[in-house]
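First the structure, which I've put down as structure tokens, then a few questions once you've had a look.
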Amino acid sequence: MLSVVAFFASSCSSPGTSSDATTTEASATATQSVAASTGIDLTLFKAGAVVGDPSTVDCTLSGGAETTCYEITISGYPTDHEVGPFCPETITTGADKAGIWFDGEGVYDLDGEFIANLAEKYNDSGWQMYDENGNVFVTDTAEAFEAAARPDVDPAYQNYCIEGSVDYLENGEPITSTVLIPTSPVAAAAPSEPQGNQGVTLDGVIIAASAPVDAILGAYTIASFDDCGGHFNPFEGYHLHGATGCSETGTASEGETAMFGYAMDGYPVHSPYSEAELANVQLDECNGHTTEAEGYHYHANSAAKNQVIQCLVGQTVAGEGDGGGPPAGGVPAGGAPGNN
């Protein structure tokens, strides 16, 4: 389905509404200067990740800079790996046949044992996501998925593991998204916290805002992710909430991790460093740094944090955008928290 949606990192709006730029200033200043970048390299996108030919348009950025942007339509489905699995079938299903869950505190194998121990994990006896035979309650139809993966979860689907499929989307097709990203990054006066969608992967997926974990858990649901940190909602289709090493391109230079996407300000995004690697590198407050081989670029947070990009050092597209639906994080602007 071609549902062209204009996303701006500085604004996100629900149908029929518009909003001013919502990028908020971060509390501190980046500790390293931002080097000039050669800009977006369209050849790095993998075959099938971009729909049609990107165009170059004039644009005004959040800091007032007038420049050019690429208008790119993203396919909305990873082109280089399979999606899923997501929820376990039973409380004995192993991690190899299920996805993951992250909640801002950690990353967990979403295996049967995790489902069986939800009441203990979250210290709440209201959790019971399986029947007397050990079968996990899963949204295994389009109707169940649409009733559960929304801001006001149907009470009938509390204590369900939520998983989606491209088959559950309109016409059984991925939902495309059109983004505007500066052709070459322009440094901002100060870092800013990303609002709405944060970027795009090189294999055609939106990097979404943080998943609304409190709302998800508050409805006694688990909005399962696959091992790549992505999942579906009915509004935006498949999108990414955590970086786990998928979507990478090329080989990493010495001391680096591989690149897997671009942020909405046009700077490259690389995979997370491990805890051991972090001890040997110096990153600024946005998890970025400049190297001779790579120029300035970000490193994604660990998926455990439920926020891929820490903050932005560049300007993003300024103006108003009609999002055509809730952002990929599942939260309509000014509305109740979503479940995906």
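Grab the eigenvalues of the alpha-carbon gyration tensor for region 103-213, scale each by 5, take roots, and send me the semi-axes largest first in whole angstrom.
34, 20, 12
Next question. Which peptide among 47-57, 71-81, 133-143, 301-311 comes first, and what is the full order, when sorted by highest mean count of other Cβ atoms within 10 Å?
Ranked from most to least packed, the peptides come out as 301-311, 71-81, 133-143, 47-57.
Let me ask you something else. Straight-line reach from residue 305: which aspartates and glutamates fall under 14 Å, measuring Cα to Cα and dropping same-chain residues less than 8 apart?
Result set, ordered by chain and number: 103, 105, 214, 275.
Only the coordinates and a few stated rules stand behind these numbers; no lab work does. Everything numeric in this text was worked out from a predicted model, so none of it was measured. Because the Cβ atoms are built from the backbone with ideal geometry, glycine has one as well, and the counts that use them run over all protein chains shown.
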